[in-house]
Amino acid sequence: MIDRERMTSFVMELMRTDSLSKEEDKVAALLANALREIGAEVRVDDAGASVGGATGNVIARLPGTRPDAAPLLLNSHMDTVPPGRGVKPLREDGRIRSDGTTILGGDDKSGVAVIVEVLRTLRDRGLPHGDVEVAFTICEEIGLLGAKQLDLAGLRAREALVLDAPSPAELVVKAPSADRFEFTVHGVAAHAGMAPELGLSAVRVAAQAITAMPLGRIDAQTTSNVIVTYGGGAANVVPDRCVIAGEARSHDDAKLDSVTSAIRRSLQDAAAAATVTIDGTTTRAWLEERCEREYVRMDVAASTPLVKLVLDAARALSKPMETVTIGGGSDANVFNAKGMPAVILGTGMREIHTVNEWLDLGDFYACAEIVLQALTSRAA
Ligand SMILES: [Zn+2]
């Protein structure tokens, strides 16, 4: 049903248009034009101003030919991760890849292109459909910021299909909650050779804390990771500052709370135990903390009409599909947290966030056929 060549050349045009997070304006303008040309009502919200970006979310509605069919929201994000400037997509052997110096941006321009192609096909072939709403979001890669700003009350749809995963044979219904944190350990600086006894090493305090932290795979549902983002200046100075950043994720919020608390406690204990006494005055290491719940877990039941709709669409096309759990967050977490059931469908993107990223064209076309089938079957 869909026009494979049209959607392939469109996704390559999107890939060639830079859209790092907060710099999605060129892609947003291109998409607003494409959507208007299809006949959709298009607007750009004020999310860009709220997050300090060059554009807001692009929101559109293609009025249904069957007003009684329940509306559906289709979502993909416009932004890409670095290195993402000057992408040169190359097509070969059923795939598109980058030239090896940048990411490809199939995450998530493949989803964006699927949505545009589905709308074009609905229009060109005069297929029956309910209202189709579109949200092309900004700043997904830096904390789901566009989705968080999106006003769902202004939409008619009460369910969302998010196109932002690898395989169209897997429908993502479950994803974890995540905490993001940054701790700054403060010590006391001193000359490392002349008077180390007058110093209190923030790096040493951080190191002791890190060895005591729960890290890596905690259990089947829970993970955590820390990195050191600052560890002192000159090698001849006892470092008075060390910054540790990290994250923890879990499908169980109580476990997430306990892991993040244990990480905080490791730092508090190490800081409390580190002291230096100079001229009778004892100084202790101290901590600054920034910690936030970046996104909240999603778990869409198999009995939800939306899950059934997508699984039935795949079955009608004789394509395999099963529901799966993933370990990462996406805009779908935000929609679910706001009370709108949302599931994530794969678009063919592979090895994302690396310079080896590629797009499987077979999966890319399959995704479009499944979304089209879901929309038309709803209006049947
Ligand atoms: Zn993505």
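The values are calculated or read from the model by the stated rules, or taken from the named source; none is laboratory data. Quantities reported herein were computed from a predicted structural model and do not represent experimental measurements. Please note: Cβ atoms are built from the backbone with ideal geometry, for glycine as well, and neighbour counts cover all protein chains shown. Areas reflect the complete protein model, heavy atoms only, side chains present, ligands, DNA and RNA absent. Shrake-Rupley method; radii C 1.70, N 1.55, O 1.52, S 1.80 Å.
Observations on the model:
- Per residue accessible area in Å² of the chain, where ligands, DNA and RNA are left out and the probe is 1.4 Å: 42
- Part-to-part distance (alpha-carbon centres) for segment 349-373 and segment 219-271, which is given in Å: 35
- Charge tally in the Cβ shell below 15 Å around Ser303, where Lys, Arg are +1 and Asp, Glu are -1, Ser303 excluded: -1
- The spacing between segment 1-58 and segment 99-170, judged by their C-alpha centroids, is 10 Å.
- Directionally averaged shadow of segment 1-151, computed from the convex hull of its alpha-carbon atoms, nm²: 8.9
- Partners for Lys26 among lysines (Cα-Cα distance below 28 Å; same-chain residues under 8 apart left out): Lys88, Lys109, Lys148
- Furthest towards positive pole of dipole, Ala190, Ile278, Leu30, structure part the chain, Cβ charges: Leu30
- Look at the Cα gyration tensor of segment 227-380: its axes a ≥ b ≥ c give a/c of at least 1.5 with a/b over b/c, and that counts as prolate.
- Which of Pro128, Leu309, Thr102, positive extreme of dipole for the chain (C-beta unit charges): Pro128
- Given charges at beta-carbon only (K, R positive; D, E negative), |dipole| of segment 75-233 in Debye: 180
- Count Lys and Arg as plus one, Asp and Glu as minus one, and take only other residues whose Cβ is under 13 Å from that of Leu375; the net charge is then -1.
- Accessible surface of segment 23-144, 1.4 Å probe, proportion on carbon and sulfur as whole %: 48
- Helix axis angle, 4-16 relative to the chain longest principal axis, alpha carbon, degrees: 30
- Cβ charges +1 (Lys, Arg) and -1 (Asp, Glu), total dipole of the chain, debye: 400
- Within segment 138-170, backbone nitrogen closer than 11 Å to the virtual label 7 Å beyond the Cα of Thr229 toward Cβ: none
- Stretch gain in nm, segment Lys88-Ser50, where the contour uses 0.36 nm per residue and the Cα spacing is subtracted: 10.5 nm
- When you filter the trypsin sites (Lys or Arg not before Pro) in segment 47-103 for DSSP loop state and at most 16 other Cβ atoms inside 10 Å of their Cβ, you are left with Arg85.
- Helix 361-379 vs. the chain, principal-axis angle (Cα, 0 to 90°, nearest 10): 60
- Angstrom value of the Kirkwood radius, inverse mean 1/r, which spans all Cα pairs in the chain: 22.5
- Counting Lys and Arg as +1 and Asp and Glu as -1 over every other residue whose Cβ lies under 14 Å from the Cβ of Thr65, the net charge comes to +2.
- Computed over the chain with a Gaussian network model linking Cα atoms closer than 10 Å, the most mobile of His353, His191, His251 is His191.
- For segment 48-105, alpha-carbon Rg over 2.2 N^0.38 Å: 1.69
- When peptides 240-248, 304-312 are ranked by their average number of other Cβ atoms within 10 Å per residue, the highest-first order is 240-248, 304-312.
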